[in-house]
Amino acid sequence: MKAQYQRLGISEKIYLLGKEVEQELNARFAAIDETAEYNQLKVIAAMQAHKVSAECFMATNGYGYNDLGRDTLEAVYAECFGAEAALVRPQITCGTHALALALMSNLRPGDELLSPVGKPYDTLEEVIGIRPSKGSLAEYNIHYRQVDLRPDGSFDYEGIRAALNERTRLVTIQRSKGYQTRPTLSVARIGELIAFVKGIKPDVLVMVDNCYGEFVERTEPVEAGADLIVGSLIKNPGGGLAPIGGYLAGKKECIDNAAYRLTSPGLGKEVGASLGVIQSFYQGLFLAPTVTAAALKGAVFAANLYQRLGFAVVPDGTEPRHDIIQAVTLGSPKGLIAFCKGIQAAAPVDSHVTPEPWDMPGYDSPVIMAAGAFVQGSSIELSADGPLREPYTVFFQGGLTWYHAKLGILLSAQKLEEVGLLPI
Ligand SMILES: *Cc1c(COP(=O)(O)O)cnc(C)c1O
């Protein structure tokens with residue numbers, strides 16, 4: 001085994017460090033496997049309940065009327081996520097698009113949007129118009145209010161009560177920390193927040209940005225009272241196989257609104273050919289619980305390894321997990337870049353290229369991204385990224401298999417050592 005790792009560039013010292021860390025994680029890994037088992041059964045039950053069959057995998061083209069595969073898949077997603085309805089489409093290009101679609105279709109001019117959990121994901125700043133942008137909600141006279149989390153990460157209930165008003169139409173809650181170092185919200189905490197908000201304003205809609213959270217726990221936020229959950233198929237629920245796509249699941253009315261916005265008033269869910277990608281959506285969903293488990297093991301392993309090396313990590317080595325993202329604060333541009341080079345070097349695709357920081361559309365500082373993915377930008381595949389700004393935190397996620405995630409983390413440590421940043 002050691003020789004196999006050495007062949008891929010891991011020194012004996014790093015190999016042994018990894019072995020030591022892994023030995024202490026048996027109980028954590030067993031718990032992750034148990035969640036995967038539970039969710040695997042949930043997915044299979046949903047597929048059986050909706051009679052998924054070979055006909056569902058047929059490609060449709062043109063308008064895509066009567067696309068059995070598409071309509072059945074949406075029923076399966078709804079069932080899996082405890083929702084009335086779902087919209088799961090290759091025409092939804094990414095997570096940001098899915099979120100923009102959910103917001104733009106369920107808000108009307110004059111309405112107010114409230115985030116009670118602080119600043120949303122970077123790309124949503126332009127969707128909302130926090131940073132002025134063409135086509136933003138702000139251009140359509142949809143207002144935005146934000147209540148930050150308190151310094152200890154708890155909800156600012158008094159601030160939220162004060163911010164809710166007669167114009168508040170939709171409350172958006174981001175489950176995952178995204179590019180921040182606040183804790184990720186568990187489904188239970190999201191449920192408490194929803195109960196509080198609805199206790200004050202029962203008719204307000206609550207949307208959860210569910211990116212990176214799917215299948216990490218046994219339940220999803222709809223089951224905790226959310227009206228709508230939204231995510232990307234090149235993250236957890238696509239299981240690494242979906243080559244594109246996004247989903248929304250929730251109340252039928254919210255989903256219908258989104259469908260009329262995605263296609264056209266009058267057409268809604270009835271059109272949208274699946275062009276042959278639908279089988280990968282089914283197969284990806286089928287694999288998603290175990291793929292998510294692999295990514296989670298990678299995250300837990302990274303937390304424990306880097307914590308032992310003295311780096312600040314969020315979540316820490318022992319905390320429960322509510323998404324697949326691991327933040328490691330490297331403290332310098334050199335460290336951030338070295339980490340990303342290690343992840344890149346571990347990839348099955350493009351391991352020979354070197355990641356460089358660039359000004360990505362939608363982000364306000366240069367970002368470095370490492371990914372050698374089968375699907376471009378897929379972050380359920382092993383990947384690491386981070387904005388080149390203080391405190392130089394890398395956000396690490398994914399791994400279609402645990403073994404690949406482990407190799408990537410060991411190589412990241414190896415690269416840090418090679419530039420003299422590892423204290424061992
Ligand atoms: C990834 C992500 C998004 C945006 O998804 P893209 O597919 O990158 O557009 C939004 N919110 C959160 C929390 C995310 O993790």
**Message:** Taking the full set of protein chains and a 1.4 angstrom probe, give the accessible area of Leu25 in square angstrom, rounded to the nearest 10.
**Reply:** 10
**Request:** Under a cut-off of 30 Å between alpha-carbon atoms, report the lysines in cross-link reach of Lys251, not counting same-chain residues fewer than 8 places apart.
**Result:** Lys42, Lys51, Lys119, Lys134, Lys177, Lys198, Lys201, Lys235, Lys269
**Asked** What accessible area per residue comes out for the chain, rounded to a whole number of Å², with a 1.4 Å probe?
**Response** 40
**Complete:** The ³J(HN,Hα) series, computed from each phi in segment 181-193 with the Karplus coefficients 6.51, -1.76 and 1.60 at θ = phi - 60°, rounded to the nearest Hz and given as x for glycine or proline, is 10, 6, x, 6, 8, 6, 4, 5, 5, 4, x, 5, 5
**Full-extension gain in nm, Asn61 to Asn26, via 0.36 nm per residue minus C-alpha separation** = 7.8 nm
**Item:** Estimated inter-spin distance, Ala195 and Thr401, nm [label 7 Å along Cα→Cβ]
**Value:** 4.4
**Fill in**
Gyration tensor (Cα only) of segment 1-160 to equivalent ellipsoid, semi-axes in Å sorted down, yields 37, 31, 19
**Heavy atoms of Trp358 accessible to a 1.4 Å probe, total area in Å² rounded to 10** = 130
**Request:** Heavy atoms only, probe 1.4 Å: what % of the accessible area of the chain goes to carbon and sulfur, would you let me know?
**Result:** 55
**Asked** For segment 200-264, which GluC sites (Glu not before Pro) are both in a DSSP coil and crowded by at most 11 other Cβ atoms within 10 Å?
**Response** none
**Computed over segment 268-424: relative contact order in percent, which uses C-alpha pairs under 8 Å that are six or more apart** = 27
**Item:** Under-5 Å amide H pairs with Leu382, H placed in peptide plane, nonlocal only
**Value:** Gly399, Leu400
**Message:** If each residue of separation counts as 0.36 nm, what is the full-extension length gain between Gln283 and Thr93 once their alpha-carbon separation is subtracted?
**Reply:** 66.5 nm
**Prompt:** Going from most exposed to least, what order do Asp122, Asp148 have by accessible area with a 1.4 Å probe?
**Reply:** Asp148, Asp122
**Asked** Quick one, what does Rg over Rh come out to for segment 267-333 if you take C-alpha atoms and the Kirkwood Rh?
**Response** 1.25
**Amide H contacts under 5 Å for Thr168, placed H, 5+ residues apart** = Glu112
**Fill in**
Beyond 23 Å, the calculated P(r) of segment 298-424 holds a percent of Cα-Cα pairs equal to 22
**Largest-first ordering by accessible area, 1.4 Å probe, given options Met207, Met369** = Met369, Met207
**Request:** Would you grab the residues whose amide H sits under 5 Å from the one on Tyr144? Only those 5+ places off in sequence or on another chain, please, with H modelled 1.01 Å from N.
**Result:** Leu113
**Asked** Considering only DSSP states other than H, G, I, E and B, which chymotrypsin sites (Phe, Trp or Tyr not before Pro) in segment 34-118 qualify as loop sites with at most 16 other Cβ atoms within 10 Å?
**Response** Tyr63, Tyr65
**Message:** Helix-only mean residue ellipticity at 222 nm, the chain, DSSP H runs n ≥ 4 weighted -39,500 (n - 2.57), per residue, nearest 500. What is it?
**Reply:** -12500 deg cm²/dmol
**Item:** With all protein chains modelled, accessible area of Cys254 [1.4 Å, Å²]
**Value:** 10
**Item:** Of the trypsin sites (Lys or Arg not before Pro) in segment 13-121, those whose Cβ has at most 16 other Cβ within 10 Å and which sit in DSSP loop
**Value:** Lys51
**Message:** Could you derive backbone 3J(HN,Hα) for segment 218-227 from the dihedral phi with the Karplus parameters 6.51, -1.76 and 1.60 (θ = phi - 60°), listing whole Hz in sequence and x where the residue is Gly or Pro?
**Reply:** 7, 10, 10, x, 4, 5, 9, x, 5, 7
**Asked** Remind me, relative contact order of segment 56-285 in percent, using alpha carbon pairs under 8 angstrom and six or more residues apart?
**Response** 31
**Fill in**
Calc'd 3J(HN,Hα), segment 22-28, phi into Karplus 6.51 cos²θ - 1.76 cosθ + 1.60 (θ = phi - 60°), Hz, glycine/Pro = x, comes to 5, 4, 7, 9, 3, 5, 4
**Request:** Could you rank Leu137, Leu275 by how accessible they are, 1.4 Å probe, largest area first?
**Result:** Leu275, Leu137
**Asked** Among the lysines, which fall within straight-line cross-link reach of Lys334, defined as a Cα-Cα distance under 19 Å, with same-chain neighbours fewer than 8 residues apart omitted?
**Response** Lys415
**Asked** Any idea what the relative contact order of the chain is, in percent, if you count C-alpha pairs under 8 Å spaced at least 6 apart?
**Response** 18
**Message:** Eigenvalues of the Cα gyration tensor times 5, then square-rooted: what semi-axes does that give for the chain, in whole angstrom, largest first?
**Reply:** 35, 26, 20
**Prompt:** Size of segment 56-285 along its principal axes in angstrom, Cα-based, largest extent first?
**Reply:** 52, 36, 29
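The values are calculated or read from the model by the stated rules, or taken from the named source; none is laboratory data. Model, not experiment: these values are computed from the prediction. No Cβ is skipped: glycine too gets one built from the backbone with ideal geometry, and neighbour counts run over all protein chains shown. Each accessible area value is taken on the protein alone, full model and side chains, heavy atoms only, with ligands, DNA and RNA left out. Shrake-Rupley method; radii C 1.70, N 1.55, O 1.52, S 1.80 Å.
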